[in-house]
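The values are calculated or read from the model by the stated rules, or taken from the named source; none is laboratory data. Since the model is a prediction, treat every value here as computed from it, not as a measurement. A quick note on method: Cβ atoms are made from the backbone with ideal geometry, for glycine too, and the neighbour counts reach across all protein chains shown.
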């Protein structure tokens, strides 16, 4: 992605305000729409049914085709976008028509239908207000459900003035009325009408269209010929599965309980020469549906919720964060629908916070698929060698960082923090100061006696896996961890041969290196008998518990070991929370803290209550929740170096919420979040401390 | 359940009226039509008669002021109306008129969309073709700056006339 494009979006004040307002309003509206509804059960059903349907997609297509044909529709199965466009052109020409009136169809955006038809002398009119706006502007949708969210009313007024030849003021009700009047003649004169469909049913051959404006019914009613362009993955077996899609779609898309119109259409109704043509688009879907790794991407119901909650989308919008399909799922679908060449850059834009996974209506592991797809991206020259050399040799890794740090010693300011980097790296420090690399990593400071396993009968045995960042930058945090665990009665050992968990390699698409790191760490961490492996970095925990078994799925021997290791690996707060309720309580008051949920803690490991419990009971802290406590801080490991401008903007949102909480301390369970947040607070002159829960516990136990 | 329906429908901008009989409903419809053309869709005979008396204007359906329909059922959770729209002409009428008035028998209100499943299945299986909609509130958009604006292409006003046995 060209930096200039990203910068342009970051500096687009209207876009930023529009997306921020939406990001704030959406979760509230969504929660209200789902009141009294078990979202997890609903999406569980959708995921299960969609998954089962995709396994028999070719049969579903056959059944739908037979039912729809029996209802009087003509069904055209098209393998490629070109096939679909040509078929549609032929239908229109066959009617002697030259004017197509359309309601919203993302699938026609996928095939770039308008462009093709216009080239062939057919006029196309988009009647969905948002689609009409972007048609007039000659742009692509920047959101699947709200295509013109990036346009302000002044721009719309200008477009409408030009289109209608009359002066339109930037007044929204006026503009909407103007659209009603102007487009009305299109509905009445359009010779052929076109719609998409949100779901199609194989047993009846019917489709359902979910709309708000009422244009869907007009284009499927007034022209005598109706063409419906439908991606084959929209076919479900029966009404039962379709109702779930209709139930979830508006709630997850815009926070509406239901849209103004949900229309069911089966066959060409009324016999006055009406025709219904159903153009089914494959475009790689049948092949993708059969793909064991990426097939689940087609479970998508196109609600756009993954964009609605994405902290990166909130900063740059859909013209950067997507191709034609935008948001998290857009990143996943683009390589399959529009080729890897259109996906390479956008796949790198995901920060990996997994917020999309939490709201996905079809329970797709969107973030996981994005990361897995990076395996297929062309890698920068030398990246593999660099990862292989550095990650596998932690000592060398530290030395290299330390050397780099010493070379920049003149850059250190008061308190040893780095506030500016030399020219080429300076954007990495933008908006935050950076902590120095520690003189000695924790591995060189570990008390000698604890290098040997502690004796039997000294309580449960814990292997401490520190993670690189804590080891190299926050050795005192490692010490706090070890000491506090020992005070809580655990025998703690720090395996010297532990290495990087491999996440930087995995996130950069170097899956072979990630696999090597998984094997290395599995061997190290299983070598010594222990009850638990404890980390202070949830990214490491997630990597060990979730990624290792996935990476080694094809190696039975290592898979068994990976599962054994996963079963005993915990975050610090999870382990310490187990000691709660046994009368152990903080002696004094731990003051007021606000808690930032690390993405990989909350969504990577599913841990939410434990750190709060530890802070309340063992630290004696009063927890004052900040707004969006579980929203990403913008760190994302190497992401903050790759996209410093985006990272900085995401950080600013977090800093604002922290300040607003009024708490003097932010507690986190991740050294990466700590680095990012304390850097941001320091740079903005805030006197707010950032502490890892382990350090707060250690202080409280002193 | 009726109260829940009313609450949901009002939340999305529908106007709710209660009538005990057609003699009460008639004048209300006449006031909505305000002398303009009245179109109808899927009406039982007694309602069709009532409306034909009002269809004074002779303008094309596209210029009608009011369209009168009767719902097959209502959904309490969302304030939605199930309206059969199999006739293309009548369907166009409901979609074009700026005011849409829909009669609803309170006995047909069900809790949620799933409780309508059987009825929807019947409609889908009844003949070779089918077209029906769940209509909820007036036509709306938030496509410009996400500002909710009522009445884009469909009805600007949705009146739900609750009447037993209609």
* Hey, any hits in segment A:269-282 for a residue that's under 30 Å from residue A:340 (Cβ atoms), over 24 Å from the mean Cα position of the chain (by Cα) and in a loop (DSSP other than H, G, I, E, B)? -> yes
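Considering each of A:322, A:339, A:267 in turn, give the residue that is free of Cβ contacts under 8 Å to residues at least 12 places away in the same chain and at positive phi.
After applying the criteria, what remains is A:339.
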* Asked: Which residues, taken from segment A:70-89, are assigned to a helix (DSSP H, G or I), in contact with a strand residue (DSSP E or B) (Cβ under 6 Å, 6 or more places away or on another chain) and within 16 Å of residue A:235 (Cβ to Cβ)?
  -> A:84
* Counting just the residues of segment A:252-264 that are facing another protein chain (nearest Cβ under 10 Å) and in contact (Cβ under 8 Å) with a residue 60 or more places away in the chain, which one comes out farthest from residue B:11 (Cα to Cα)? -> A:254
* Before we move on, is residue B:67 in a strand (DSSP E or B) and in contact with a strand residue (DSSP E or B) (Cβ under 8 Å, 6 or more places away or on another chain)? -> yes
* Go over the candidates A:171, A:167, A:203 one by one and state the one that is in contact with a helix residue (DSSP H, G or I) (Cβ under 9 Å, 6 or more places away or on another chain), more than 19 Å from residue B:96 (Cα to Cα) and away from chain B (no Cβ under 13 Å). => A:167
* Among the residues of segment A:555-580, count how many are part of a loop (DSSP other than H, G, I, E, B) and free of Cβ contacts under 8 Å to residues at least 12 places away in the same chain. => 2
* **Options B:48, B:62: the member that is within 13 Å of chain A (Cβ to nearest Cβ) and surrounded by fewer than 22 Cβ atoms within 10 Å (Cβ to Cβ)** => B:62
* If you take the residues of segment A:174-194 that are in contact with a helix residue (DSSP H, G or I) (Cβ under 6 Å, 6 or more places away or on another chain) and in contact (Cβ under 8 Å) with a residue 60 or more places away in the chain, which of them is farthest from the other protein chains (Cβ to nearest Cβ)? -> A:192
* Asked: Of the residues that make up segment A:605-613, is at least one more than 22 Å from residue A:654 (Cβ to Cβ) and out of contact with any strand residue (DSSP E or B) (no Cβ under 7 Å at 6 or more places or on another chain)?
  -> yes
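Which one of these is closer than 23 Å to residue A:363 by Cβ and part of a helix (DSSP H, G or I): A:612, A:648, A:603?
Values: A:612 fails: closer than 23 Å to residue A:363 by Cβ; A:648 fails: closer than 23 Å to residue A:363 by Cβ.
So the residue among A:612, A:648, A:603 that is closer than 23 Å to residue A:363 by Cβ and part of a helix (DSSP H, G or I) is A:603.
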* To do: Name the one entry in B:123, B:158, B:148 that is free of Cβ contacts under 8 Å to residues at least 24 places away in the same chain and either touching a strand residue (DSSP E or B) at 6+ places or on another chain (Cβ under 7 Å) or at the interface with another protein chain (Cβ under 9 Å from one of its Cβ atoms) (or both).
  => B:148
* Structure fact -> Residue hits (segment B:89-120; crowded, with 17+ Cβ neighbours inside 10 Å, more than 10 Å from chain A (Cβ to nearest Cβ) and part of a loop (DSSP other than H, G, I, E, B)) are B:97
* Hey, among A:65, A:24, A:107, which residue is outside any loop (DSSP other than H, G, I, E, B) and within 14 Å of chain B (Cβ to nearest Cβ)? -> A:24
* Any hit, segment A:2-14, residues being within 14 Å of chain B (Cβ to nearest Cβ), under 29 Å from residue B:8 (Cβ atoms) and free of Cβ contacts under 8 Å to residues at least 60 places away in the same chain -> no
* Filter segment A:630-661 down to residues that are over 16 Å from residue A:353 (Cα atoms) and without any contact (Cβ under 8 Å) to a residue 60 or more places away in the chain and give me whichever is surrounded by the most Cβ atoms within 10 Å (Cβ to Cβ). => A:655
* Asked: What number of residues within segment A:39-62 satisfy the criterion of being surrounded by 14 or more Cβ atoms within 10 Å (Cβ to Cβ) and either in contact with a strand residue (DSSP E or B) (Cβ under 8 Å, 6 or more places away or on another chain) or within 14 Å of another protein chain (Cβ to nearest Cβ) (or both)?
  -> 9
* Asked: When residue A:659 is evaluated against the numbered criteria (1) within 25 Å of the chain's Cα centre (by Cα); (2) farther than 20 Å from residue A:543 by Cβ; (3) part of a helix (DSSP H, G or I), which criterion, by number, is the only one it fails?
  -> (1)
* Asked: Has segment A:547-554 got any residue that is in contact (Cβ under 8 Å) with a residue 40 or more places away in the chain, crowded, with 20+ Cβ neighbours inside 10 Å and in contact with a helix residue (DSSP H, G or I) (Cβ under 6 Å, 6 or more places away or on another chain)?
  -> yes
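Of the residues A:235, A:246, which single one is modelled with pLDDT of 95 or more, within 11 Å of chain B (Cβ to nearest Cβ) and closer than 24 Å to residue A:52 by Cβ?
After applying the criteria, what remains is A:246.
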